[in-house]
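Have a look at this one.
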Amino acid sequence: MQLVKPWIRLSIAALCTGALISPLSACRPPDSHKKVYRSAFEGDVPSLDPIQIGDTQSHDVGHNIYNGLVRYRPRITGPNQRLSDLVPDLAESWKISPDGKTYTFHLRKGVKFHNGDAFTASDVKFSIERLADPRNASKGMWTLDGLSLAGLEAYQKACQAGKEVHLDSVKVIDEHTVSITLKDVIPFALHVLAMSYYYVVPQNEVKKWKDQFSFHATGTGPFMLKEWKSNQKLVLVKNPNFFEEGIPKLDELRFYIVPSEDIRLLWFENGELEHLEPPIPAASFDRILTDPHWNKLGNKAIRKIESLNDPAQSNVIKDKEWTIQYLGMDTQSEPFKDKTVRQAFNFAVNKRKIIDVVRNGRGIPARGVLPNGFPAFKPDRAIPYPYDLNKAKAMMAQAGWTDSNGDGILDKNGKPLKVTFWHNQSAIYAMLGAAVQADLRDLGVDIEVKSMEWASYIEKIKRNEATFFRFGWAADYPDPDNYLWTLFNSKNIGQDNVTRYKNPTFDTLVNKARTTVNWSEREKLYQDAESMLIEDAPWIFLYTNVEYKLVQPYVRGQQMHPLIRNEMSFVEIAPH
């Protein structure tokens with residue numbers, strides 16, 4: 001367990017000397033005339049090219065630079081509103097054809113990209129075609145199956161053949177009108193279009209920079225990219241020509257790269273960050289909740305509140321997230337090809353202990369794949385695989401793994417059971433790794449734990465170079481398709497199906513669900529598919545996050561959003 005060392009309590013002035021950490025630029029310069037908002041990530045942002053934004057950190061930055069046709073409601077302003085509602089973005093309005101397959105979008109007029117180019121319907125067509133072109137190897141390629149664009153297969157074959165072609169299902173009707181035609185009726189099509197992969201980019205800028213566009217990110221959003229120093233900091237500045245009057249409220253966003261969560265907390269407590277990105281370090285969690293400067297409600301009281309977004313009550317805001325945390329097992333590699341082994345590992349890991357000790361109670365036990373409260377979530381489903389070491393040992397013996405030589409390590413056909421468990425670099429995940437290692441050693445597994453920085457770690461997982469690993473999934477859109485089809489359909493092996501799970505019956509269920517319009521029928525299909533998945537156990541099912549975010553007293557408008565981690569458009573800094 002990584003504890004806060006005494007030297008961590010040194011003043012921020014000592015940090016500014018560069019003696020302990022970098023980047024030096026993280027120390028605030030005397031620019032109080034600017035409304036500068038500072039936050040910090042544990043690792044560098046992998047990409048700011050929309051077709052490659054497939055992780056939460058890239059999205060945190062990217063959604064401030066770009067816009068899509070539609071978006072999720074950024075804040076509640078009236079009754080009967082939800083943050084998961086779709087609202088206009090670059091499209092002022094839209095209509096759906098009687099057969100449910102053609103969407104016609106009427107676009108905002110007078111919108112300009114950050115480089116001064118006018119935004120038109122042809123930019124929408126260009127952006128979708130760029131995503132769909134297999135030569136660009138987009139991380140969002142899987143979303144095209146959900147969108148079910150007419151003529152997609154022929155377009156992609158022509159692209160691979162090197163032909164100059166267009167995707168006819170995306171039509172420019174006039175400068176400010178575009179239509180998209182689908183092969184099937186897809187009940188969540190608009191939600192797909194709200195994803196980062198469908199942010200609109202300027203044709204000229206992309207053609208100019210090609211595969212380096214990420215470093216010259218240009219959109220129509222409220223902030224513009226000013227500076228990006230790899231593994232140090234990323235700076236966005238206010239777009240003075242943003243199409244929503246009075247937005248944004250801030251002049252500058254600064255994202256620092258600070259791997260140590262203890263250092264990030266130190267910066268926050270010394271006033272060098274406007275909020276602390278969750279999680280609050282485990283070793284400091286109870287201290288923060290007990291400190292009336294940050295939380296007037298007190299430790300016990302705030303823990304009992306399900307959701308809190310009121311800085312008048314506390315500078316710690318909280319909510320359960322539409323995320324799920326899990327330990328993935330590569331179902332096509334040894335020893336995880338065997339379902340009995342996967343089930344045994346599930347019984348051997350004490351998830352309750354992980355939530356209570358590693359996470360300080362910041363989690364709700366997973367009842368499967370779907371997060372607590374998500375559409376199609378089954379609240380009456382029993383928590384799968386409760387901790388039972390004896391049952392786990394019996395199942396391993398059933399699978400042929402026994403301790404034949406009495407050394408405490410299971411073996412089969414003379415080969416000891418050795419496994420490497422991977423996690424991304426973070427103190428809390430180091431604690432998780434230690435807990436998993438201890439539990440599985442009790443089972444008789446010779447287990448090594450390794451860590452890697454975030455951007456490289458994602459690539460390792462996506463390339464299936466890790467057979468046993470920590471991972472999580474944050475909802476892209478509020479539909480069970482985003483979890484069950486995206487993460488487990490065999491078609492997505494090589495993309496987001498990182499456990500390489502393959503079950504034809506499961507595929508049939510989720511494929512049928514995505515084109516079924518009636519919600520009650522869809523819900524049952526997804527719940528049946530989830531039950532099948534729990535039985536097959538490609539994951540060790542951990543928890544739904546309950547996150548606490550520390551926010552400075554002078555910050556206004558920060559909130560917990562189910563689909564956008566940091567909605568910065570309406571955030572303000574009050575005089576302080």
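Rule-based calculations on the coordinates, nothing more; no lab input. Quick caveat, the model's predicted, so the values are computed rather than measured. Backbone-built Cβ (ideal geometry, glycine too); neighbour counts: all protein chains shown.
Give me the net charge for the shell around Ser569: Cβ to Cβ below 9 angstrom, other residues only, Lys and Arg +1, Asp and Glu -1.
Details: positive: Arg75, Lys249; negative: Glu244, Glu567.
Neighbour charge sum, excluding Ser569 itself: 0.
May I pose another question? Summing Lys, Arg as +1 and Asp, Glu as -1, what charge do residues with Cβ under 10 Å from the Cβ of Gly400 carry, Gly400 excluded?
On the way: positive: Lys412; negative: Asp338, Asp411.
After counting each charged neighbour, the total is -1.
While we're on this one: Net charge within 9 Å of Phe541 by Cβ-Cβ distance, Lys/Arg positive one each and Asp/Glu negative one each, not counting Phe541 itself? Please list the in-between numbers first.
Details: positive: Lys351, Arg367; negative: none.
It works out to a net charge of +2.
Follow-up. Applying the Karplus parametrisation 6.51 cos²θ - 1.76 cosθ + 1.60 with θ = phi - 60° to the phi angles of region 249-263, what ³J(HN,Hα) value in whole Hz is obtained for each residue in order, glycine and proline being reported as x?
8, 9, 8, 7, 10, 10, 10, 9, 9, 10, x, 7, 5, 5, 5
Rounded to whole Hz and in sequence order, give me ³J(HN,Hα) for region 164-178 from the Karplus expression 6.51 cos²θ - 1.76 cosθ + 1.60, θ = phi - 60°, writing x for Gly and Pro.
For region 164-178, the Karplus curve yields 8, 10, 10, 8, 5, 6, 10, 10, 8, 7, 7, 4, 10, 9, 9 Hz.
Given H placed on each backbone N at 1.01 Å, which residues far from Ala40 in sequence or on other chains put an amide H within less than 5 Å of it?
Residues meeting the criterion, in which the H sits 1.01 Å from N, are Tyr256, Glu277.
In whole Hz, with x marking every Gly and Pro, tabulate ³J(HN,Hα) for region 530-546 from phi via Karplus 6.51 cos²θ - 1.76 cosθ + 1.60, θ = phi - 60°.
So the Karplus estimates, Gly and Pro as x, are 5, 4, 4, 5, 4, 4, 6, 6, x, 10, 9, 7, 9, 7, 8, 4, 10 Hz.
Return a whole-number percent for the relative contact order of the chain, with Cα pairs under 8 Å and 6 or more residues apart as the contact set. Before the final figure, lay out each step's value.
On the way: 1129 pairs, mean separation 105.3, N = 576.
Computed value for the chain: 18 percent relative contact order.
Can you sort Lys512, Lys101 so the residue with the fewest Cβ neighbours within 10 Å comes first? Numbers along the way, then the final one.
Working: Lys512 13, Lys101 18.
Least to most surrounded, the residues fall as Lys512, Lys101.
Sort Val517, Val358, Val555 so the one with the fewest other Cβ atoms within 10 Å of its own Cβ comes first. Walk me through the numbers before you get to the answer.
On the way: Val517 10, Val358 23, Val555 17.
With the fewest neighbours first, Val517, Val358, Val555 line up as Val517, Val555, Val358.
Checking a compactness column here: for the chain, what do you get for Rg(Cα) / (2.2 N^0.38 Å), N being the number of residues? Can you show the working numbers first?
Details: Rg = 24.3 Å, N = 576, 2.2 N^0.38 = 24.6 Å.
Normalised Cα radius of gyration, the chain: 0.99.
Compute the distribution of all C-alpha to C-alpha distances in region 284-384, in bins of 5 Å from 0, and list the percent of pairs in each, rounded to whole numbers.
All Cα pairs, binned at 5 Å, distribute as 2, 10, 16, 18, 16, 14, 10, 6, 5, 3, 1 percent.
Viscosity 0.890 mPa s, temperature 25 °C: give me the Stokes-Einstein translational D for region 67-211 in µm²/s, with Rh taken as the Kirkwood radius over C-alpha pairs.
Details: Rh = 15.9 Å.
Approximately 154 µm²/s, per Stokes-Einstein.
For Val419, what residues show an amide H to amide H distance below 5 Å, using hydrogens built from the backbone and excluding near sequence neighbours?
The list, which skips near neighbours in sequence, is Asp446, Ile447, Glu448.
FRET efficiency for His216 and Asp388, Cβ-Cβ distance as r, R0 = 60 Å, nearest 0.05? Don't skip to the answer; put the middle values down first.
Working: r = 54 Å, r/R0 = 0.91.
That gives a FRET efficiency of 0.65.
Further question: Pairs to check: Lys391/Lys524; Lys233/Lys320; Lys393/Lys415; Lys171/Lys210; Lys249/Lys320. Give those whose C-alpha atoms are more than 19 Å from each other in this structure.
Working: Lys391/Lys524 31 Å; Lys233/Lys320 29 Å; Lys393/Lys415 17 Å; Lys171/Lys210 24 Å; Lys249/Lys320 27 Å.
Beyond 19 Å between Cα atoms: Lys391/Lys524; Lys233/Lys320; Lys171/Lys210; Lys249/Lys320.
Give me the one-decimal nm value for the distance between modelled label points at Ser520 and Lys171, 7 Å along each residue's Cα-to-Cβ direction.
Label-label distance for Ser520 and Lys171, simple model: 3.7 nm.
Would you mind ranking Lys393, Lys351, Lys163 so that the residue whose beta carbon has the fewest other beta carbons within 10 Å leads the list? Don't skip to the answer; put the middle values down first.
Values: Lys393 20, Lys351 24, Lys163 9.
Sorted ascending by nearby Cβ count, the order is Lys163, Lys393, Lys351.
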